[in-house]
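Below: the structure, in structure tokens.
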Amino acid sequence: MESSKSKRRRGQNGERCTCSHGAKREEHLYLVLDDWKAAPERTPMAFAALGTNIFVSTNKHCSRHQAPPFLVYDTATAALSIGPRPPDGYLRDLGDAVAVSEKLYALTLVGDELRPSTSLQVLSWAPTPRADRLEAWDPTMAWLWNSAPTTSPFMARDVITSYCLHPDGRTIFMSTDWRTHSVDTSNGVWRDLGEWTLPFRGRAYFDDGLDAWVGLCREHDGYVCRCAVGSRSAMATQQPECWMLKEKLFRRGGEGKRQRLGATLTYMGDSNFCLVENVLRSEDALDAVLNVTLFGLKYDRKGELQTKTHRTTKSYALSKNTTLFSHAAFWM
């Protein structure tokens, strides 16, 4: 019989390997940058990963009928194709979408301007409806959006400050500035977990070796923290216990005239992480420095979080096109 801990051991994205021959595909770090000065300045793009694919929203400020379709880059074949249009309503930010199993979950705004509400939309590779297959050569499979079966508890004005996937591989935790909810993607059931928030900024990841969620601290800029896995019970109204890494991992920058455009933490498996910072060299120029730090985490003898002995940091000079977009990072 499978142990409870072994049941937790699955990919952080909850995905099965989609490569051929059943062999595990070698994973790589993918960085998305805008480093072409000659390009015209555009609205900020957003990116999300599912399986071996990276989805690109080229204009996240447009609704379904006005927005161009997504671009889909398949990292397994290096092929770029035209994907689906955004879902019904206004897609809040594709970059906040969460991959669970072989589906991508994203929040959208629906309804009219006077009474907007939120809806959870699901993107998956599914059979094309017969009504859309007008010709014999039309594809029988396509990327399709569908609404989750239950209503999202978030208001239109709510901002998702942090989110993470439970080690059960199906439950997503989401925090606003003052409250946390969870949704079980297997049945669409939402739970109000109380007036507490996850301690992270943006996405956090579960690591089996640490038996905890790990992410960038929301209250302490430049630090990484871990948090005990939250209970999925609606009765669990207390914030899980949290600890912060004593060592500051951000490089010098982002102070004074240097503006930090963005920082991301990417999980690479086996308690290993990649921290990427994008920092402008000056306030009146678009030249930037990209700091990439690879590090591992472990517990010391006292049970406190610390970095492993080996850690590498490299910096790269960049020429940016806009300050509206920093970067995106994926390990896949």
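The values are calculated or read from the model by the stated rules, or taken from the named source; none is laboratory data. Fair warning: this is a prediction, and the values are worked out from it, not measured in the lab. For neighbour counting, all protein chains shown are included, and Cβ atoms are generated from backbone atoms with ideal geometry for every residue, glycine included.
Give the residue that is nearest to Val214 (Cα to Cα), with candidates limited to residues of region 166-192 that are of a type in the set (Phe, Trp, Tyr) and in contact (Cβ under 8 Å) with a residue 24 or more places away in the chain.
For region 166-192, the residue satisfying everything is Phe173.
For the structure I just gave you, tell me whether Gly262 is within 18 Å of the chain's Cα centre (by Cα), of a type in the set (Gly, Ala, Ser) and at pLDDT 95 or above.
Details: within 18 Å of the chain's Cα centre (by Cα): yes; of a type in the set (Gly, Ala, Ser): yes; at pLDDT 95 or above: no.
No: the conditions fail for Gly262.
Tell me which residues, restricted to region 171-180, are within 13 Å of Pro153 (Cα to Cα) and surrounded by fewer than 20 Cβ atoms within 10 Å (Cβ to Cβ).
Of everything in region 171-180, those that are within 13 Å of Pro153 (Cα to Cα) and surrounded by fewer than 20 Cβ atoms within 10 Å (Cβ to Cβ) turn out to be Thr176, Arg179.
Please give the number of the condition Tyr299 fails out of (1) surrounded by 14 or more Cβ atoms within 10 Å (Cβ to Cβ); (2) at positive phi; (3) of a type outside the set (A, V, I, L, M, F, W, C).
(2)
Name the single residue, out of those in region 111-120 being in contact with a strand residue (DSSP E or B) (Cβ under 9 Å, 6 or more places away or on another chain) and surrounded by fewer than 19 Cβ atoms within 10 Å (Cβ to Cβ), that is farthest from Cys164 (Cα to Cα).
Looking at residues that are in contact with a strand residue (DSSP E or B) (Cβ under 9 Å, 6 or more places away or on another chain) and surrounded by fewer than 19 Cβ atoms within 10 Å (Cβ to Cβ), I get Gly111.
Take the residues of region 196-233 that are aliphatic (A, V, I, L, M) and either closer than 18 Å to Gly303 by Cβ or in contact with a Leu (Cβ under 7 Å, 6 or more places away or on another chain) (or both): which is surrounded by the most Cβ atoms within 10 Å (Cβ to Cβ)?
Only one residue tops the list, namely Ala204.
Residues checked against (1) buried (at least 16 other Cβ atoms within 10 Å of the Cβ); (2) touching a helix residue (DSSP H, G or I) at 6+ places or on another chain (Cβ under 6 Å); (3) assigned to a loop (DSSP other than H, G, I, E, B); (4) basic (Lys, Arg):
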| position | (1), (2), (3), (4) |
| --- | --- |
| Leu249 | yes, no, yes, no |
| Ala263 | yes, no, no, no |
| Val276 | yes, no, no, no |
| Ala288 | yes, no, no, no |
| Val292 | yes, no, no, no |
| Leu324 | no, no, yes, no |
| Phe330 | yes, no, no, no |
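Among the residues of region 64-101, count how many are more than 15 Å from the chain's Cα centre (by Cα) and either surrounded by 19 or more Cβ atoms within 10 Å (Cβ to Cβ) or of a type outside the set (A, V, I, L, M, F, W, C) (or both).
Within region 64-101, the first condition is being more than 15 Å from the chain's Cα centre (by Cα), and the residues that meet it are 64-90.
Pick out the ones that are also either surrounded by 19 or more Cβ atoms within 10 Å (Cβ to Cβ) or of a type outside the set (A, V, I, L, M, F, W, C) (or both) and you get 64-66, 68-70, 73-75, 77, 81, 83-90.
Selection size over region 64-101: 19.
Within region 127-158, count every residue that is surrounded by fewer than 11 Cβ atoms within 10 Å (Cβ to Cβ) and within 19 Å of Val98 (Cβ to Cβ).
Residues that pass the stated criteria total 1.
Just give me the residues in region 189-220 being more than 19 Å from Gln306 (Cα to Cα), of a type in the set (A, V, I, L, M) and in a strand (DSSP E or B), in sequence order.
If the condition is that a residue be more than 19 Å from Gln306 (Cα to Cα), of a type in the set (A, V, I, L, M) and in a strand (DSSP E or B), then Val189, Leu193 are the ones that fit.
Name the single residue, out of those in region 129-173 being at pLDDT below 90 and of a type in the set (D, E, K, R), that is farthest from Val72 (Cα to Cα).
Arg157
When you check Asp168 against the structure, is it part of a loop (DSSP other than H, G, I, E, B) and either surrounded by fewer than 18 Cβ atoms within 10 Å (Cβ to Cβ) or in contact with a helix residue (DSSP H, G or I) (Cβ under 8 Å, 6 or more places away or on another chain) (or both), yes or no?
Yes.
Please tell me if Ser186 is at pLDDT 95 or above and among the hydroxyl-bearing types (Ser, Thr, Tyr).
So Ser186 does not fit the description; no.
How many residues does region 123-165 contain that are free of Cβ contacts under 8 Å to residues at least 60 places away in the same chain, in a strand (DSSP E or B) and not polar (S, T, N, Q)?
Of the residues in region 123-165, 7 are free of Cβ contacts under 8 Å to residues at least 60 places away in the same chain, in a strand (DSSP E or B) and not polar (S, T, N, Q).
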